[in-house]
1. Working only within the stretch 361-372, note down all residues that are of a type outside the set (Gly, Ala, Ser) and within 21 Å of residue 300 (Cβ to Cβ).
2. Report, by residue number, each residue of the stretch 22-53 that is closer than 17 Å to residue 478 by Cβ, over 28 Å from the mean Cα position of the chain (by Cα), β-branched (Val, Ile, Thr) and in a helix (DSSP H, G or I).
3. Considering only the stretch 146-176, state which residues are under 15 Å from residue 494 (Cβ atoms) and surrounded by fewer than 18 Cβ atoms within 10 Å (Cβ to Cβ).
4. Which members of the stretch 405-432 meet the condition of being aliphatic (A, V, I, L, M), assigned to a helix (DSSP H, G or I) and buried (at least 18 other Cβ atoms within 10 Å of the Cβ)?
5. Would you pick out the residues in the stretch 490-522 that are modelled with pLDDT of 90 or more and aliphatic (A, V, I, L, M)?
6. Filter the stretch 302-349 for residues that are acidic (Asp, Glu) and modelled with pLDDT under 90; which is nearest to residue 362 (Cα to Cα)?
7. Can you tell me which of (1) farther than 19 Å from residue 282 by Cβ; (2) among the polar types (S, T, N, Q); (3) in contact with a Ser or Thr (Cβ under 9 Å, 6 or more places away or on another chain) is the one residue 392 doesn't meet?
8. Is the stretch 441-463 home to any residue that is under 16 Å from residue 172 (Cβ atoms) and not in a helix (DSSP H, G or I)?
Amino acid sequence: MDTALALTTDMKLVLGLVGFTMVMFVFERIRPDVVALVVLVLLGLSGLVAPEEIFNGFSSNAVMSIIATMILGAGLDRTGALNRLASWLLRRSHGREERLLMLTGGIAGINSSIMQNPSVMALYLPVASRLSSRTGLTLPRLLLPLACAIVMGGSLTMVGTSPLILLNDLLLAANSNLPSGAAVLEPLQMFAPLPIGAALLATCLLYFRFWGNQRLHEGNGKGATPARTQSYFAKTYGIDGDVYELTVTADSPLVGMSLGEAEALHGAPLLLALKTKDESRLSPPADARIWVGSVLGAMGPKQQVADFAQNQMLRLSSRLRNFGDLFNPSRAGISEAVVPATSRFIGKTASDLAIRKNLRLSLLAVNRDKQVLRENVRDVALRAGDMLVLHSIWADLGEAAKGRDLVVVTDYPKGEQRPHKLKVALGIFAVTMLVALSSNLPVSVALMTGVAGMLLAGVIHIDEAYAAINWKTVFLMACLIPLGWAMDSSGAAAWVAGHSIERLPEATPTWLLQVALGLLTTAFSLVISHVGAAIVVVPLAINLALAAGGDPTAFALIVALSASNNFMTASNPVISMVTGPAGYTARELWKVGAPLSLLYTLVAVVMVNLLF
């Protein structure tokens with residue numbers, strides 16, 4: 001490489017735009033996606049990128065891959081696949097802190113390899129809150145290890161993080177500006193970074209297992225989505241426990257009783273579901289009859305449910321074989337609703353209104369003037385301002401809220417859940433991953449094949465697919481991609497690389513250059529986002545590798561991995577999601593996150609050199 005390359009006007013313009021982008025991202029006076037759009041326009045007006053190519057970022061493989069990943073993740077979420085996995089964590093951890101952290105972090109990290117990291121964190125926030133309430137492990141001790149595992153797990157595949165999705169496009173774009181005789185850069189396969197991601201995820205889990213977790217404070221933190229956690233309802237209303245299945249035997253005194261009569265028995269838990277013959281129903285009506293072979297869905301402390309089962313000659317099962325879909329947290333749960341002054345419910349009881357039969361809602365308690373009513377709650381005449389605690393399918397709650405007789409104050413999933421499509425969704429996803437791994441098709445085509453399959457199979461509807469796309473992320477990426485092209489085509493990246501090599505001591509080890517690049521990218525990611533850092537530094541890394549006689553693909557991969565290496569500040573979207581609920585301070589994040597970032601860089605460099 002010619003290290004005496006002259007600094008041209010085009011290079012100055014590109015470097016000026018890079019500086020402008022960094023300054024605007026640091027001061028945040030304008031939204032990052034708007035800044036990216038301004039940069040795109042300036043690239044077009046200045047002629048740094050040809051007019052016919054200026055909008056090609058929107059049709060790039062990287063952008064289409066990230067859109068497809070968002071839709072596939074939403075499709076899996078609609079079926080409750082990931083919530084089932086989260087429920088499995090509750091059963092397997094057995095309340096042991098070390099096992100809980102390792103298992104939850106490991107599974108969440110694997111999830112993040114196929115979904116965008118913020119989406120995985122959003123899924124696990126309520127799960128973490130439930131784990132905290134069940135085990136006594138405080139949210140501060142749980143959320144940061146979980147968030148870091150999710151970030152590191154994103155490096156298991158080429159679609160786990162935005163910088164890795166971008167990498168192949170940046171490698172292909174660099175081919176047009178390679179010096180003569182240089183080998184053409186090939187795109188990386190779907191699971192190319194798998195060993196690296198596995199090493200990073202293992203490092204994260206071991207770090208928090210033996211050192212990092214002891215540096216986190218023990219405060220209670222702020223509850224994550226408190227209106228949906230068991231701890232909130234247990235503390236406020238005394239509603240606590242798990243859901244169990246009770247099968248009615250031929251000797252049970254409940255045979256022939258109505259559900260309302262069974263609920264009135266001494267020591268009865270909350271009876272939330274009933275299966276008779278082949279029909280399973282949540283919030284069954286009080287006059288529904290119980291027969292031999294009927295299955296009751298009961299909620300309460302284990303000892304209470306066990307005593308009730310023994311007294312009434314019922315078979316107890318803690319595994320939900322019949323009601324697994326009905327009690328899926330993505331489909332049903334506990335909520336609060338206020339009775340407004342205009343409600344038709346005022347002066348009437350739940351029995352009068354037959355709310356289980358007509359609205360498919362189970363009334364668990366009434367909060368009236370700070371007094372909680374739970375005894376014979378179905379016979380309490382309702383008043384304006386009463387806070388009702390309900391258990392129902394979310395879709396039924398939404399229908400009830402349309403009548404304006406109840407004002408729901410709990411944030412609950414508004415979309416339709418399709419647990420019956422679980423096997424179809426998993427099958428489509430498995431085929432998609434197989435196609436991405438075994439064919440020569442671009443990853444974006446393989447992923448879009450999965451999207452088409454989910455749409456045709458009814459796993460997700462087209463309007464839901466549109467809603468699943470984070471257009472802010474799409475615009476940010478699509479508008480900044482041409483800046484990376486300009487860095488390369490103008491020679492600015494080669495100029496910076498050449499002058500950097502000139503100032504380094506002779507025979508500087510390649511691995512030391514890679515460590516420096518990793519740390520530089522990490523620093524960039526703190527101020528211009530992980531996408532911006534990858535776009536700016538990857539062209540520089542490729543030219544630096546060529547100048548130093550290293551492998552350009554290895555250098556570029558280290559940059560793409562390091563762009564997500566931010567565990568110290570809330571500029572990482574995943575870290576920002578846990579900072580509030582857990583009450584982390586900036587000092588605490590730096591104290592715990594900075595050593596982990598250094599470990600991340602060292603492990604990434606070692607693993608990349610072992611593979612390349």
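The values are calculated or read from the model by the stated rules, or taken from the named source; none is laboratory data. Since the structure is predicted, the reported quantities are computational estimates derived from the model, not experimental observations. Positions of Cβ are generated from backbone atoms using ideal geometry, with glycine treated the same way; all protein chains shown enter the neighbour counts.
1. Just the residues of the stretch 361-372 that are of a type outside the set (Gly, Ala, Ser), to begin with: 361, 363-364, 366-372.
Within the stretch 361-372, 361, 363, 364, 366, 367, 372 meet the criteria.
2. First, the residues of the stretch 22-53 that are closer than 17 Å to residue 478 by Cβ: 25, 31-44, 48-53.
Checking which are over 28 Å from the mean Cα position of the chain (by Cα) leaves us with 38-44, 48-53.
Filter once more, keeping what is β-branched (Val, Ile, Thr): 38-39, 41, 49.
Of everything in the stretch 22-53, those that are closer than 17 Å to residue 478 by Cβ, over 28 Å from the mean Cα position of the chain (by Cα), β-branched (Val, Ile, Thr) and in a helix (DSSP H, G or I) turn out to be 38, 39, 41.
3. Listed by number, the residues that qualify are 175, 176.
4. First pass over the stretch 405-432, keeping only residues aliphatic (A, V, I, L, M): 406-409, 422, 424-426, 428, 430-431.
Then drop every residue that is not assigned to a helix (DSSP H, G or I), which leaves 422, 424-426, 428, 430-431.
The answer is 422, 425, 428.
5. Result: 512, 513, 515, 516, 517, 519, 520.
6. As a first pass, look at the stretch 302-349 and keep what is acidic (Asp, Glu): 307, 325, 336.
Adding the requirement that they be modelled with pLDDT under 90 leaves 325, 336.
On the way: 325: 17, 336: 11 Å.
The qualifying residue nearest to residue 362 (Cα to Cα) is 336.
7. Among (1) farther than 19 Å from residue 282 by Cβ; (2) among the polar types (S, T, N, Q); (3) in contact with a Ser or Thr (Cβ under 9 Å, 6 or more places away or on another chain), the lone unmet condition for residue 392 is (1).
8. Going through the stretch 441-463, the residues under 16 Å from residue 172 (Cβ atoms) turn out to be 441-445.
Adding the requirement that they be not in a helix (DSSP H, G or I) leaves 441-442.
The answer is yes, given that some residue of the stretch 441-463 is under 16 Å from residue 172 (Cβ atoms) and not in a helix (DSSP H, G or I).
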